[in-house]
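The values are calculated or read from the model by the stated rules, or taken from the named source; none is laboratory data. A quick note: this is a predicted structure, and the numbers were derived from the prediction, not measured. Cβ placement follows ideal geometry from the backbone for every residue including glycine, while neighbour counts extend to all protein chains displayed. Surface areas here come from the heavy atoms of the whole protein model, side chains and all, with no ligands, DNA or RNA. Shrake-Rupley method; radii C 1.70, N 1.55, O 1.52, S 1.80 Å.
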Amino acid sequence: MSRRSLKIPAVAVALFAAAFSAQPAQGASSAIADPPDDKIVIDVATVNGSGCPEGTAQVAVAEDNTAFTVTYSDYLAEVGPNSKPTDRRKNCQLNLIVHVPQGFTYAIVSADYRGYAYLQPGASGLQKASYYFQGSSDTAATSHPFDGPQDGNWQATDSTDWGQLVWKPCGEQRNFNVNTEIRVDAGTSDPTKTSFMTMDSTDGNINTTYHFAWKKCPTS
């Protein structure tokens, strides 16, 4: 059974925001600030990966500047009699330009993500994600395994302790990179049956959500 023959609810990707074992950016104020009043704009510099063909990944910023969302429309990994070996793993890398109002810096404090899994008994799935600022040698990653049988939505939240937040350096333009992947392993499941996981949304109603934390930069 493939996803195309199933009548399933709209689903969405959700990525990850986890802690780096690092100190706050040099020069950043220690006081957590309210979100800036000026509208935050995020441009997508590059999109690469089998899970996000051109035109299938969209980024939007919340009206109150507390979060941004990523919506995918063609992000599915599967194994089964009609799938190719490359179908078992899909990935996507987004390189984002976050235009921050003058005098502010940001970190990612948490991420909410969910998707849909149809896993046969004996099959398994994996969702993995990481992020880093351009020029940083620190990359953190987290993963969430799922075991069959499963036929329904999956969801999880990753959060970062305040003391472990990694802040964009004040006064510098550092692109924000998000890397995600999903995998499906047939394991001991019936090889004549299909298992899949998806991180896409056909109608855009459910999205990956990255939550901002804000600081004011010191005045010169």
Test: residue in the stretch 171-189 that is on the phi < 0 side of the Ramachandran plot, modelled with pLDDT of 85 or more, in a loop (DSSP other than H, G, I, E, B) and among the β-branched types (Val, Ile, Thr): yes
Residue 81 in contact (Cβ under 8 Å) with a residue 60 or more places away in the chain and surrounded by fewer than 21 Cβ atoms within 10 Å (Cβ to Cβ): yes
Search result, residues across the stretch 101-135 that are in contact (Cβ under 8 Å) with a residue 60 or more places away in the chain and outside any strand (DSSP E or B): 101, 103, 120, 121, 122, 123
Where a residue in the stretch 173-189 is without any contact (Cβ under 8 Å) to a residue 12 or more places away in the chain and within 19 Å of residue 118 (Cα to Cα) and its partner, wherever it lies, is open to solvent by 30 Å² or more (accessible area, probe 1.4 Å) and not in a strand (DSSP E or B), with Cβ under 8 Å and at least six apart: none
Filter result (closer than 30 Å to residue 219 by Cβ and surrounded by fewer than 21 Cβ atoms within 10 Å (Cβ to Cβ)) within the stretch 107-132: 110, 132
